[in-house]
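Worksheet: the structure to be examined is printed underneath.
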Amino acid sequence: MNAEFKRKLAIPMEVKEACPLSASLSDIVARRDAELKKIFSGEDDRLVMIIGPCSADNKDSVIDYISRLAKLNEKVSEKIFFVPRIYTNKPRTTGDGYKGLLHQPDPNEKPDMYKGIIATRELHIAALQETGFSCADEMLYPSNYKYLDDVLAYVAVGARSVENQEHRLTSSAIEVPVGMKNPTSGDQSVMMNAITAAQHSHTFIYRGWEITSQGNPYAHAILRGYSNHHGESMPNYHYENLTRLVDLYQKAPALTNPAAIIDTNHANSGKKPLEQPRIIKEVLNSMKHNPDVKSLVKGFMVESYIEDGAQKIGEGCYGKSITDPCIGWDKTERLILEIADML
C-alpha cells in the first residue's frame, strides 16, 4: 500500500479500561436511552433537540456550552429533551482541513489518532459527569463506534456516508437511535433504503469479527436539505417535503417507529445559521396543521455554540466554531424558550 503504517491503535476494551465509565454514570446513560427511545416510539411527546457546536474542538468551551444547556433544561425539560452535540469527527467535502477532535485533539498540532480516541472518550464522559447529559456524535468511522458505545445517546450517519454499506450494517447493531441523513443529492429513496437496512438483522464483518446484528428499530430519517445540479443549497423542511416523507413511510410498512429529525443548518439554511429559528418555527407550524406530520417529526438538529458565526483555526475566539458557522448562545436560549412556549 502507498501508505506509512505508523502504529497499531488500542482496541476499544483497552481504551475503556484506561477511561472507565462508573456505574452511576452508566445508570444515567441507561435512563436517558430509555427516555429517548420512548420519544422515537411515540410514547413520549417531548421534542428532541440535538444541539451544539458544529465540531467539538475545545473541551473547555464545549463543556461550558453544555453546562448552559443543563441550566436551561431546568426550565423546559417537560417539553424538550436535550441531546447535546459532541461531534468529534468531521467529514470534509474535499478531504482537506480540520477533521475533528479524533484526528487532532489540538487543532494547532499534527494529527494524533490515539490521543484523539482518548480525548473523544474523555470529553463524552466529562459531559456526563458535569452536566448529566449523554450526547450525540456522528459515526464517520463505523469501526470506531465501540470506543463510545457505552456513552452515546444518539448517532448520526452523515449525508456522504448514508449510502455506505458498512455504515448501514453497523447501524443495525447499535442500540440507541441512529439518524440517517438524506444524501447531498437529495434522493430520499437512498435515505429510506438506509433506514430499512439499519432496522433489519444482518451478518457481517465488524472489527475482524463475524457478527449478527439484531436490527435497530429506532433508525430514522434526518432531513438536511440537498444540493441541486448547480451546487446550490435546496431545503427539504417545508410542509410538502414533510408530507412526502409521511407518504414514503406509509409505503414502507415493514419499517417501525416512523420518525424524522429536521437538520436546520447545512443545505436547509444554506449554512446561514441565523435562519435556524425561522426554520424551526415553520416546521412547528406544519406540525400543528397536520397530525401525521406532528407524529413524524420528533425534533431538530441545531448547530449552536457560545458565539455567533465561525472563525479560522488559530484566531482564538472562545466558543466560536472553527468549522461551519453556528448560532450563538444568547439567540439559542431565546429560541429554546420560544419553542417551549409554542409546544
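The values are calculated or read from the model by the stated rules, or taken from the named source; none is laboratory data. No experiment lies behind these values; they were computed from the predicted model shown. Every residue, glycine among them, receives a Cβ derived from its backbone with ideal geometry; neighbour counts consider all protein chains shown.
Quickly run through segment 45-57 and pick out the residues that are acidic (D, E) and either at pLDDT 95 or above or outside any loop (DSSP other than H, G, I, E, B) (or both).
So in segment 45-57, the residues acidic (D, E) come out as 45, 57.
Scanning segment 45-57 gives a single hit, D45.
Let's see how each residue does on (1) assigned to a helix (DSSP H, G or I); (2) buried (at least 17 other Cβ atoms within 10 Å of the Cβ):
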{"site": "K6", "(1), (2)": "no, no"}
{"site": "D27", "(1), (2)": "yes, no"}
{"site": "D33", "(1), (2)": "yes, yes"}
{"site": "F40", "(1), (2)": "yes, yes"}
{"site": "E43", "(1), (2)": "no, no"}
{"site": "I66", "(1), (2)": "yes, yes"}
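Going by the conditions given, is G116 crowded, with 21+ Cβ neighbours inside 10 Å and either under 28 Å from Y237 (Cβ atoms) or not basic (K, R) (or both)?
Working: crowded, with 21+ Cβ neighbours inside 10 Å: yes; either under 28 Å from Y237 (Cβ atoms) or not basic (K, R) (or both): yes.
So G116 passes the test.
If the requirement is being in contact with a strand residue (DSSP E or B) (Cβ under 9 Å, 6 or more places away or on another chain) and over 30 Å from D106 (Cβ atoms), which of these qualifies: A259, A310? Walk me through it before giving the result.
Working: A310 fails: over 30 Å from D106 (Cβ atoms).
Residue meeting the stated conditions: A259.
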Identify the residue in segment 294-307 that is more than 30 Å from N58 (Cα to Cα) and touching a strand residue (DSSP E or B) at 6+ places or on another chain (Cβ under 9 Å) and, among all such residues, is surrounded by the most Cβ atoms within 10 Å (Cβ to Cβ).
V297
So in segment 185-211, with the set limited to residues that are free of Cβ contacts under 8 Å to residues at least 60 places away in the same chain, in a helix (DSSP H, G or I) and out of contact with any Ser or Thr (no Cβ under 6 Å at 6 or more places or on another chain), which one is nearest to D247 (Cα to Cα)?
S189
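Name the residue that is farthest from K146 (Cα to Cα), counting only residues in segment 12-25 that are in a loop (DSSP other than H, G, I, E, B) and without any contact (Cβ under 8 Å) to a residue 12 or more places away in the chain.
If we filter segment 12-25 for residues that are in a loop (DSSP other than H, G, I, E, B), which is where we start, we get 19-22.
From what's left, without any contact (Cβ under 8 Å) to a residue 12 or more places away in the chain: 20, 22.
Details: P20: 13, S22: 17 Å.
It comes out as S22.
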Matching entry among M192, M180 (being of a type in the set (A, V, I, L, M), buried (at least 20 other Cβ atoms within 10 Å of the Cβ) and either on the phi < 0 side of the Ramachandran plot or modelled with pLDDT of 95 or more (or both))
M180
Give the residues of segment 270-290 that are farther than 19 Å from L242 by Cα and surrounded by 19 or more Cβ atoms within 10 Å (Cβ to Cβ), sorted by residue number.
P273
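Hey, among I280, I322, I327, I262, which residue is in contact (Cβ under 8 Å) with a residue 60 or more places away in the chain and hydrophobic (A, V, I, L, M, F, W, C)? Don't jump to the end; show me each part of the working.
Working: I280 fails: in contact (Cβ under 8 Å) with a residue 60 or more places away in the chain; I327 fails: in contact (Cβ under 8 Å) with a residue 60 or more places away in the chain; I262 fails: in contact (Cβ under 8 Å) with a residue 60 or more places away in the chain.
It is I322.
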Among the listed residues L72, L101, identify the single one that is part of a loop (DSSP other than H, G, I, E, B), touching a residue at least 40 places away in the same chain (Cβ under 8 Å) and at negative phi.
L101
What is the residue count in segment 295-304 for residues that are within 19 Å of R278 (Cβ to Cβ) and not aliphatic (A, V, I, L, M)?
4
Report yes if some residue within segment 243-250 is free of Cβ contacts under 8 Å to residues at least 60 places away in the same chain, out of contact with any Leu (no Cβ under 6 Å at 6 or more places or on another chain) and more than 19 Å from G42 (Cβ to Cβ); otherwise report no.
yes
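Which one is farthest from A126 (Cα to Cα) among residues in segment 66-97 that are of a type in the set (F, W, Y) and in contact with a helix residue (DSSP H, G or I) (Cβ under 7 Å, 6 or more places away or on another chain)?
Just the residues of segment 66-97 that are of a type in the set (F, W, Y), to begin with: 81-82, 87.
Now restrict to residues that are in contact with a helix residue (DSSP H, G or I) (Cβ under 7 Å, 6 or more places away or on another chain): 81-82.
Numbers: F81: 19, F82: 16 Å.
Among residues in segment 66-97 that are of a type in the set (F, W, Y) and in contact with a helix residue (DSSP H, G or I) (Cβ under 7 Å, 6 or more places away or on another chain), the one farthest from A126 (Cα to Cα) is F81.
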Considering only segment 116-148, how many residues are within 15 Å of the chain's Cα centre (by Cα), part of a helix (DSSP H, G or I) and aliphatic (A, V, I, L, M)?
0
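Out of curiosity, is G208 small (G, A, S), more than 24 Å from the chain's Cα centre (by Cα) and surrounded by fewer than 20 Cβ atoms within 10 Å (Cβ to Cβ)? Before you say what the answer is, go through the steps one by one.
Values: small (G, A, S): yes; more than 24 Å from the chain's Cα centre (by Cα): yes; surrounded by fewer than 20 Cβ atoms within 10 Å (Cβ to Cβ): yes.
For G208, the condition - small (G, A, S), more than 24 Å from the chain's Cα centre (by Cα) and surrounded by fewer than 20 Cβ atoms within 10 Å (Cβ to Cβ) - is met.
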